[in-house]
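Where a number appears in this text, it was derived from the coordinates with a stated rule and is not lab data. All figures in this text were calculated on a predicted structure; none of them were measured in a lab. Backbone-built Cβ (ideal geometry, glycine too); neighbour counts: all protein chains shown.
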Amino acid sequence: MRIFSYEELDELGEGLIRQYLGKEAERTCCVDIEGFVTDFLKLPLLYRSFAEEDSDKIGFIADGVTPLRVYEGGTVVRRVYPRGTIVIERCLRQEHESGRRRFTISHECAHYIMDRAVPSAAFHREFDNERIYSQEDFKNLFSFRETQVDRMGAALLMPRFMVRNVAAMHGCTDRIPVYGDSILRTADKLLIKQMANAMGVSFSAFLIRLRELGCLCYRPLAEYITEEMGLGQDGGTG
């Protein structure tokens, strides 16, 4: 897999989605990621119940050689899928899992796009803060390769032009303030949630994307305490 800059990843992701949507691009605010897989990339997309030992594995793209453990008829089988087949954990088809499902699919799309020179099987895994991970697990979870794939996945699911269009539709013309490292005003949280819903993604995924695209501005926490909470002002409380 060649190394891309984040700017290149954003541009490539945007270009792919624009080409997929054609004239509808500027009128679309939610990428049909399943359609992108099957109609544009021409890849099979399957839903199966995973039987892998690591329960954090929820997505897989096949290389035609590496088996995936799945349940079939109540039995665990090792199934080898044709190269390029994207397999998603079946439970993600539930309505309340829409955001996770869509991001997992986009992650596997990113693997396919970025690994075309040297195809390889790859899992999408989620970090579980209650699990004890080995050093090798951490290496795999937080490798630079996976960071690049995540960025490409975000660029496909939330391309720059679409994020900016959705922001404009919601009257968001300025950067959203974040106080300290992570504190948002209630009104801004609601705004971000509304925009995330419009794009069919989770609040956390959309917030990360806003940060990646420079749509947030960071302000001192003291400013929030004094101006938003009305605490710590000169003269005390009397």
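Odds and ends about this structure:
- Here is the list for segment 1-66: GluC sites (Glu not before Pro) lying in DSSP coil, each with at most 12 other C-beta atoms within 10 angstrom of its C-beta, are GLU53.
- Around GLY180: net Lys/Arg minus Asp/Glu count, Cβ-Cβ under 11 Å: -1
- Maximal additional length on extending the PHE4-ASN197 stretch stands at 66.6 nm, based on 0.36 nm per residue less the C-alpha distance.
- Modelled spin labels at GLN233 and CYS30, positioned 7 Å past Cα toward Cβ, are 4.3 nm from each other.
- Restriction of the trypsin sites (Lys or Arg not before Pro) in segment 1-31 to DSSP coil positions whose beta-carbon has at most 14 other beta-carbons within 10 angstrom yields ARG2.
- Estimated FRET transfer efficiency when R0 is 41 angstrom, pair GLN94-ALA222 (beta carbons, to 0.05): 0.45
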